[in-house]
1. Of the conditions (1) over 30 Å from residue A:270 (Cβ atoms); (2) more than 16 Å from the chain's Cα centre (by Cα), residue A:66 satisfies every one except a single condition; which number is it?
2. Quick one: how many residues across segment A:141-169 are under 28 Å from residue A:75 (Cα atoms) and surrounded by fewer than 22 Cβ atoms within 10 Å (Cβ to Cβ)?
3. Would you confirm whether any residue within segment A:274-291 is part of a loop (DSSP other than H, G, I, E, B), at pLDDT below 95, touching a Cys at 6+ places or on another chain (Cβ under 7 Å) and away from chain B (no Cβ under 14 Å)?
4. Check off (1) buried (at least 19 other Cβ atoms within 10 Å of the Cβ); (2) within 17 Å of residue A:146 (Cα to Cα) for residue A:260 and give me the number that stays unchecked.
5. Scanning segment B:126-147 for residues that are over 30 Å from residue B:110 (Cα atoms) and outside any strand (DSSP E or B), which turns out modelled with the lowest pLDDT?
6. Working only within segment A:112-168, note down all residues that are within 30 Å of residue A:35 (Cα to Cα) and among the charged types (D, E, K, R).
7. Would you pick out the residues in segment A:121-134 that are more than 7 Å from chain B (Cβ to nearest Cβ) and either free of Cβ contacts under 8 Å to residues at least 40 places away in the same chain or not acidic (Asp, Glu) (or both)?
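The values are calculated or read from the model by the stated rules, or taken from the named source; none is laboratory data. Keep in mind that this is a model prediction, so the values were computed, not measured. Every residue, glycine as well, gets a Cβ built from its backbone with ideal geometry; the counts of neighbours run over all protein chains shown.
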2 protein chains.
Amino acid sequence: MRLSDLGEFGFLRELERRGLAQRIANDAARFAPDFVVTQDALVEGVHFRLDWTSWRDLGYKAAAVNISDLAASGAEPEALIVSLGLPGETEANDVVELYEGVAETGVPVLGGDTTSADRLYLSVTALGRAEQVPGRDGARPGDLLVVSGPLGASAAGFHCLKEGLESPLVRSHLRPPLRVAEGKELAGTAHAMLDISDGLASDALRIAERSGCRLMIELERVPVADGVAEIARQFDLDVHSLACGFGEDYELLAAVPEPGRFTVVGRCEEGEGVVFLRDGQPVEFSGWEHFR
Amino acid sequence: MRLSDLGEFGFLRELERRGLAQRIANDAARFAPDFVVTQDALVEGVHFRLDWTSWRDLGYKAAAVNISDLAASGAEPEALIVSLGLPGETEANDVVELYEGVAETGVPVLGGDTTSADRLYLSVTALGRAEQVPGRDGARPGDLLVVSGPLGASAAGFHCLKEGLESPLVRSHLRPPLRVAEGKELAGTAHAMLDISDGLASDALRIAERSGCRLMIELERVPVADGVAEIARQFDLDVHSLACGFGEDYELLAAVPEPGRFTVVGRCEEGEGVVFLRDGQPVEFSGWEHFR
């Protein structure tokens, strides 16, 4: 069977079933009493295009998506390790700019590896410290679902880049937020938490599958970032598809007993899967999954 | 300036000079009182060819080169994080075999990331625990240089692969040793230590540059692995070039006050650079450096 048949999540489940990897489906893995570690790779042509992003923004984003995984674990970032695969003809100044972008996140780079490659590969490991690490398997019926901020800006910014349209939303796509404080706050009470990297639809499904409950999400409650509705109109896109189906918003999604200061988008029930409701009626969504 | 002009080590030094990365030139970085972390990437076509290695051997080697960096830090491996970039048409069973190869090292996989890519890309992070971590900058005049085992088997095995010759040396190239016990033993007294990944010539130069002393290495004392001399004769290669110029032996090189049970290959003096001696006379060597 090919990876494209199994899909990314199906393959990761298979690895866990065989005992070849533990907790690989979590954002970050715990490895000592209070440390967590996470690693994400970005590949040119798959995750970014160098004609759409500056080297500095790319460095920032590569660090930010890993810091986001730490935030989803309620962790305080302590260090980054940056590995690069680069063509030999790369300008050294471009790579320095990439590292400057990494440094803008404020998390120190402790080491890494550079190697030659035919195109740009980045792999970043982030190390953090956390006392309470919510997984993805603790959500239970009765929990409220909250998000840490508005969604859809990254998707809309991506469309602007694709269509060559200048917009402040482009920055949201290139410079995801760092929700470290929110993650630590939510970790105190959350039964399950992750960061929205593949879209609310896909990411909610991970919590539903791991926790063994059904997540009901009311589209009217999903906070949509400023300017997204306008881009949706302009390109004849569904605003909720932008907010729930694309991802890369890097806001946090948590199942909590009490919402605190966060925005409620739905609730957990007995059952399975994710149901999106519009005007109380179920509607369909699909997310982004690698290999499929 | 291009990376190919600056070279890998020149570029890493530039990053450190600008304060953009700390200790990036070490095998592994220390990040909490007693943890070390390291990350190495392997790219298809650069570090391996899928017609020369099985997926299982590849998984083993990707883990082993990182465990070797921990060994060079005197650390006990605790966990691995494995990130893969893979074409969608990859057979899932091949990737399972890769993970089985990783598992053969005995170090648990705690997490990772899989993503689509045009060719196979592996990035492994290894986490370990160490009380004393020798760097590369502590060697001093009067120290003895020791290695943890014989060299050249990986180079000879690589030549056999290239020439389509079956030989037990091929296994040495595909399955590097894990010198964890030796690393912990040496870490107690070593003033500087690293693993021989780029060849004794290149790796000794790193200690010389960081420590500000000259490393004198006597070729007659360099232990050469069984069978290497025969391959050297067969392909008209210099046996010492195989043992000192190629790398991927993943034995440890340390500057120590006393050799203990390890093999002395030379000594540290006042001065700079690395000098290889044959019959007491200096000879030239060059190692392998990415981008150049």
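1. The single condition residue A:66 does not satisfy is (2).
2. Selection size over segment A:141-169: 5.
3. The first filter runs over segment A:274-291 and keeps only residues part of a loop (DSSP other than H, G, I, E, B), leaving A:279-280, A:284-291.
This time we only want the ones that are at pLDDT below 95, so: A:279-280, A:284-291.
Applying the additional criterion that residues be touching a Cys at 6+ places or on another chain (Cβ under 7 Å) yields A:285.
Cutting the leftovers down to away from chain B (no Cβ under 14 Å) gives us A:285.
Yes, because at least one residue in segment A:274-291 is part of a loop (DSSP other than H, G, I, E, B), at pLDDT below 95, touching a Cys at 6+ places or on another chain (Cβ under 7 Å) and away from chain B (no Cβ under 14 Å).
4. (1)
5. Initial filter on segment B:126-147 (over 30 Å from residue B:110 (Cα atoms)): B:137-147.
With the extra rule that they be outside any strand (DSSP E or B), the set shrinks to B:137-143.
Details: B:137: 92, B:138: 96, B:139: 97, B:140: 97, B:141: 98, B:142: 98, B:143: 98.
Filtering segment B:126-147 for residues that are over 30 Å from residue B:110 (Cα atoms) and outside any strand (DSSP E or B), the one modelled with the lowest pLDDT comes out as B:137.
6. Correct list: A:113, A:129, A:131, A:136, A:137, A:140, A:143.
7. Listed by number, the residues that qualify are A:122, A:124, A:126, A:128, A:129, A:130, A:132, A:133, A:134.
Here's the yes/no breakdown for (1) closer than 30 Å to residue B:138 by Cβ; (2) modelled with pLDDT of 95 or more; (3) away from chain A (no Cβ under 12 Å):
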{"site": "B:50", "(1), (2), (3)": "no, no, yes"}
{"site": "B:75", "(1), (2), (3)": "yes, yes, yes"}
{"site": "B:83", "(1), (2), (3)": "no, no, no"}
{"site": "B:88", "(1), (2), (3)": "no, no, no"}
